[in-house]
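Here's the structure, in structure tokens; my notes come after.
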Number of protein chains: 2
Amino acid sequence: MANSYTTDRSDDEIRSNTDAPEVVVHRLPLYVRVLAQLDVTGAEMVSSEQLGTQLQMTPAQIRKDLSYFGRFGKQGRGYNVKRLSQELRSILGLNRQWNAGLVGVGRLGRAIIAYPGFRPEGFHMVAAFDEDPSVVGSSVGGIDVRPIAQIKETVAELGIHIGIVAVPAPNAQSVCDALVESGIKAILNYAPVAPQVPLEVKVRGVDPVLALQSMTYFLKS
Amino acid sequence: MANSYTTDRSDDEIRSNTDAPEVVVHRLPLYVRVLAQLDVTGAEMVSSEQLGTQLQMTPAQIRKDLSYFGRFGKQGRGYNVKRLSQELRSILGLNRQWNAGLVGVGRLGRAIIAYPGFRPEGFHMVAAFDEDPSVVGSSVGGIDVRPIAQIKETVAELGIHIGIVAVPAPNAQSVCDALVESGIKAILNYAPVAPQVPLEVKVRGVDPVLALQSMTYFLKS
């Protein structure tokens, strides 16, 4: 099996590739997750047909998605589960720690701090911010809550890469502005609004209502 | 302004259109949300450039997305905010009530029941299910918790369209199987796994880790 994986690009070329459509990049974590599940079951190889079944995509889509990042797998033999998983994790930058700062320590913010899924994946919540004086200075889930005015200095001090926004909708834009001004390039947005940010800043929304609203299209048909 | 909106398709044709790529359908709720925000500010018209700025897309992408569903707006005049919003809501099936049933009444499930964002958008949580005998029979947020074995009869009884899965990862597949068997065609999945379902069943995941993992790709560059 050692030779069943090939690539025609150097590691550096893979890493610097930014030509993949954003929607393809958004799917890569799903590939990583499915591959991890396959690895647990002991599977060594997986075909694009099998991946397609798991991901509700056609085998051709799977092959096209992966082709943006290199040549994985051999014709007729499929992909080596462990190797493809490791490569995709490397491409996504998942082999390191990323520090996150949370803005908004209300009910939702507290649930986010308590969420056990971040740390095992390398996402460390290292700071929290709120504007409520009765919350600032307290400790929530082991994290000291600082005033929103201290976002910029804290981002620099603690090496924060990712801002997590859990404030009410009317406050979301100004909080995103403050995060952008402090140099943050990635925002996970729980507020039910689409904030405006510069093109080089990525925003992903966590919003169950948006997810429901795109499924009703298909229910209705 | 009355004539600034045109379409070359009958309402029925719009409604039955299923040729739009799924990724475009997934973006439509974002359009609806941005249009609602514009409407609140009193804006009557909006250009594809303005929509593009708000949605971090090019004006050409905006025009292409909308072209799948009809001809909205006039060359050089942009889109009528209220009308485009109403049409997109109709296309997405948002002008009616959808009943949802939650499976898994742990900490996450309770937060979902308490989430105030569903009902104003027409999503009504009408049933909850759990396998834990100490929870079954109790009432959580005004909803009686039933045993998982009663999913099928409850879906029929209460006209449930959407299943919401908030069980631990190892239980997610069997719960999705039960939902599919009961006729559910749309599943909102909070479990950190990609369940396998028939092609005609839509699954959308609510997963902050997946969102973070696709942003690190861009942070890394």
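The values are calculated or read from the model by the stated rules, or taken from the named source; none is laboratory data. This is a predicted model, so every value here is computed, not measured. Please note: Cβ atoms are built from the backbone with ideal geometry, for glycine as well, and neighbour counts cover all protein chains shown.
Couple of notes before you dig in:
- Flag if A:V193 is more than 24 Å from B:V25 (Cβ to Cβ), touching a helix residue (DSSP H, G or I) at 6+ places or on another chain (Cβ under 8 Å) and assigned by TED's automatic domain parsing to the domain that holds A:V105: no
- Filter result (more than 8 Å from every other protein chain (Cβ to nearest Cβ) and under 18 Å from the mean Cα position of the chain (by Cα)) within the stretch B:115-136: B:P116, B:R119, B:P120, B:G122, B:H124, B:M125, B:V126
- Set side by side, the residues B:A43, B:A36 differ, and just one is outside any helix (DSSP H, G or I) and at pLDDT 90 or above, which is B:A43.
- Checking every residue in the stretch A:142-151 against the condition of being among the acidic types (D, E), surrounded by fewer than 17 Cβ atoms within 10 Å (Cβ to Cβ) and more than 30 Å from A:D39 (Cβ to Cβ) gives at least one match.
- Test result for B:R71, assigned to a loop (DSSP other than H, G, I, E, B) and not assigned by TED's automatic domain parsing to the domain that holds B:A186: yes
- Within the stretch A:31-78, the set of residues being at the interface with chain B (Cβ under 9 Å from one of its Cβ atoms) and under 19 Å from B:V24 (Cα atoms) comprises A:L55, A:Q56.
- Strands (runs of 3 or more DSSP E) completely within the stretch B:155-218 that count 2 or more residues being in contact with a Leu (Cβ under 7 Å, 6 or more places away or on another chain) and touching a residue at least 12 places away in the same chain (Cβ under 8 Å): B:162-165, B:186-189
- Selected residue (criterion: nearest to A:A169 (Cα to Cα)) from residues of the stretch B:46-65 that are part of a helix (DSSP H, G or I) and of a type in the set (A, V, I, L, M, F, W, C): B:L55
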